[in-house]
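A short write-up of the structure that comes next.
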Amino acid sequence: MWRTASLWERLFNTVVHNRGNMSRKLHARRIEGIDKNIWVEFTQLAADYKAVNLGQGFPDFSPPSFIQEAFCKALTGGFSMHQYTRAFGHPNLVKILAKFFSRIIGQEINPMEDILVSVGAYQALFCTFQALIDEGDEVVIVEPFFDCYQPMVMMAGGIAKYVPLKPREGCGPVVSSADWVFSHEELANAFSPRTKAIVINTPNNPLGKVYQLEELQVIADLCIKHNVICISDEVYEWLTYDGTKHIKIASLPGMWERTITIGSAGKTFSATGWKVGWAIGAGNILKHLKTVHQNSVYHCATAAQEAVAVGFQREYDVFGTEESYFQQLPLHLHEKRLRLAECLKSVGLKPILPQGGYFMIADISNINVELTDASTKDEAYDYRFVKWLIKEKGLATIPVSAFYSPEHRDDFQKYVRFCFVKEDSTLQAAENILRQWSESK
């Protein structure tokens, strides 16, 4: 009899144990609260409504012919172009990146120690946060920020501290991204004994602000004072306008040894789908990023890296001349930037002219729109406006409050972001929509 009881007891315990396993959370805690992604949501919405897309930031024109030809040549360049290359960066690429940026930063860069090639700038950022941020570490993020910074800090166990750029007080109508500044006092107060890093983005997405030397020096002084790492996202470094100069914070005294500079071939050569990026910094820091890289993606596409290497060698040879793509692209986009700004002003929006990048934000507070979509009633105003614009008018943009923290988001929900790295025909289609809407009001 005791044997039967024992059998039933074992069966009961097995069922209870299995039920307990089934009720356990499937997902890890580190991904809680970061499941939503603005690009996934609004890219799909734009596709569903076949909208003219000035939302997502990618060119709808081809990369320059010389880099396309370099990619084609790489693909027919023998078996090695189709196999693994060096895990931390194709030798040809890291060598030319080191040669190219050494003269810009004023620091001898070791191609094998000081550079990590990644699957786009996104992965370079991921490796940085995973390698350097520990549970409870604080990371200062200057707002508006590219939306992946916050979830990447959270996944690493860090705590984000936010300092917003705001329109300068008492400067009259805000017409340029240069008019948006951070409070020196607010920034200084954001640093504490727990601060591990600060993240800046210059030129900034979505604002287009290019940090000036004085602003960078304030940040550098705080980094040095508090022994903090600076993560400088500079993927739009070649896209500046009206004589504005991009300055690398790593070039400032005392900053090379504490700065990780993030770059992107996709933004540099208008080839975002290639997904080639990099992190540059002192070898004693980069070695930790490499540990994350080798235990995640391990390796990036060889042929794409070879093509980017050829592109940078060409740019090194013609640097500073009219032949340089780094000179040609901003001149090309400058006209599109002015065209978009004039169009937005003509329909009652108030554009903020960017100093750099290929985005423009516009103040929509003068526009009265009846937003009746019940499915969006609990969302921020700019989210509701953008969804209305996509669904009712067929034009896709991005809400700017998505680039702010929850504590500051409400202050910036009267702005939307437009992308102007588009063919003239795309910009014309957007203009037609805006003007027809304006005339019908």
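The values are calculated or read from the model by the stated rules, or taken from the named source; none is laboratory data. What you see is a predicted model, and the numbers here were worked out from it, not measured in a lab. As a convention, Cβ positions derive from the backbone with ideal geometry for all residues, glycine included, and neighbour counts pool all protein chains shown.
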Matching residues, region 273-291, being closer than 11 Å to GLY120 by Cα and either out of contact with any Phe, Trp or Tyr (no Cβ under 9 Å at 6 or more places or on another chain) or surrounded by 18 or more Cβ atoms within 10 Å (Cβ to Cβ) (or both): TRP274, LYS275, VAL276, GLY277, TRP278, ALA279
Counting only residues that are without any contact (Cβ under 8 Å) to a residue 60 or more places away in the chain and surrounded by fewer than 19 Cβ atoms within 10 Å (Cβ to Cβ), which one in region 415-440 is farthest from LEU389 (Cα to Cα)? SER425
Single match in LYS50, LYS95 (criterion: surrounded by fewer than 19 Cβ atoms within 10 Å (Cβ to Cβ) and in the same structural domain as GLY311 (by TED's automatic domain parsing)): LYS95
Just for strands (runs of 3 or more DSSP E) wholly inside region 152-251: which have at least 1 residues that are of a type in the set (Phe, Trp, Tyr)? 159-164
Return a yes/no flag: does region 267-274 have any residue that is farther than 30 Å from SER176 by Cβ and assigned by TED's automatic domain parsing to the domain that holds GLY106. yes
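A quick yes/no check of all residues on (1) hydrophobic (A, V, I, L, M, F, W, C); (2) surrounded by 14 or more Cβ atoms within 10 Å (Cβ to Cβ):
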residue	(1), (2)
GLU32	no, no
ASP35	no, no
PHE66	yes, yes
LYS73	no, yes
HIS90	no, yes
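Out of curiosity, is LEU371 in a helix (DSSP H, G or I), more than 21 Å from the chain's Cα centre (by Cα) and either surrounded by 14 or more Cβ atoms within 10 Å (Cβ to Cβ) or not assigned by TED's automatic domain parsing to the domain that holds ASN205 (or both)? Show your work before the answer.
Working: in a helix (DSSP H, G or I): no; more than 21 Å from the chain's Cα centre (by Cα): yes; either surrounded by 14 or more Cβ atoms within 10 Å (Cβ to Cβ) or not assigned by TED's automatic domain parsing to the domain that holds ASN205 (or both): yes.
Here the answer is no, as LEU371 does not meet what is asked.
For THR291, state whether it is modelled with pLDDT of 95 or more, part of a helix (DSSP H, G or I), over 30 Å from ASP424 (Cα atoms) and hydroxyl-bearing (Ser, Thr, Tyr).
On the way: modelled with pLDDT of 95 or more: yes; part of a helix (DSSP H, G or I): yes; over 30 Å from ASP424 (Cα atoms): yes; hydroxyl-bearing (Ser, Thr, Tyr): yes.
Judged against the criteria, THR291 is a match.
Against the definition (crowded, with 20+ Cβ neighbours inside 10 Å and either touching a residue at least 60 places away in the same chain (Cβ under 8 Å) or closer than 16 Å to PHE58 by Cα (or both)), how does LYS387 come out, yes or no?
On the way: crowded, with 20+ Cβ neighbours inside 10 Å: yes; either touching a residue at least 60 places away in the same chain (Cβ under 8 Å) or closer than 16 Å to PHE58 by Cα (or both): yes.
Taking the combined requirement at face value, the residue satisfies it.
Being over 19 Å from LYS166 (Cα atoms) and either at pLDDT 95 or above or surrounded by fewer than 16 Cβ atoms within 10 Å (Cβ to Cβ) (or both) is the requirement here; does GLU379 meet it?
On the way: over 19 Å from LYS166 (Cα atoms): yes; either at pLDDT 95 or above or surrounded by fewer than 16 Cβ atoms within 10 Å (Cβ to Cβ) (or both): no.
When the stated conditions are applied, GLU379 does not pass them.
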Reported set for region 76-97 where residues are part of a helix (DSSP H, G or I), more than 23 Å from ASN295 (Cα to Cα) and either touching a strand residue (DSSP E or B) at 6+ places or on another chain (Cβ under 6 Å) or at pLDDT below 95 (or both) is LEU97
Would a scan of region 112-122 turn up a residue that is at pLDDT 95 or above, closer than 30 Å to TYR84 by Cβ, under 14 Å from the mean Cα position of the chain (by Cα) and assigned to a loop (DSSP other than H, G, I, E, B)? yes
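For every residue, the table says whether it meets (1) closer than 24 Å to ALA362 by Cα; (2) touching a residue at least 40 places away in the same chain (Cβ under 8 Å).
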position: LEU165; (1), (2): yes, yes
position: GLU186; (1), (2): no, no
position: SER192; (1), (2): no, yes
position: THR195; (1), (2): no, yes
position: GLN212; (1), (2): yes, no
position: LYS225; (1), (2): no, no
Every residue in region 397-428 that is within 26 Å of THR268 (Cα to Cα), in contact with a strand residue (DSSP E or B) (Cβ under 8 Å, 6 or more places away or on another chain) and assigned to a helix (DSSP H, G or I), please. VAL400, PHE403, THR426
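Regarding region 179-191, can at least one residue be identified that is surrounded by 22 or more Cβ atoms within 10 Å (Cβ to Cβ), modelled with pLDDT of 95 or more and not acidic (Asp, Glu)? Don't jump to the end; show me each part of the working.
Taking region 179-191 and keeping what is surrounded by 22 or more Cβ atoms within 10 Å (Cβ to Cβ), we get none.
No, region 179-191 has no match at all.
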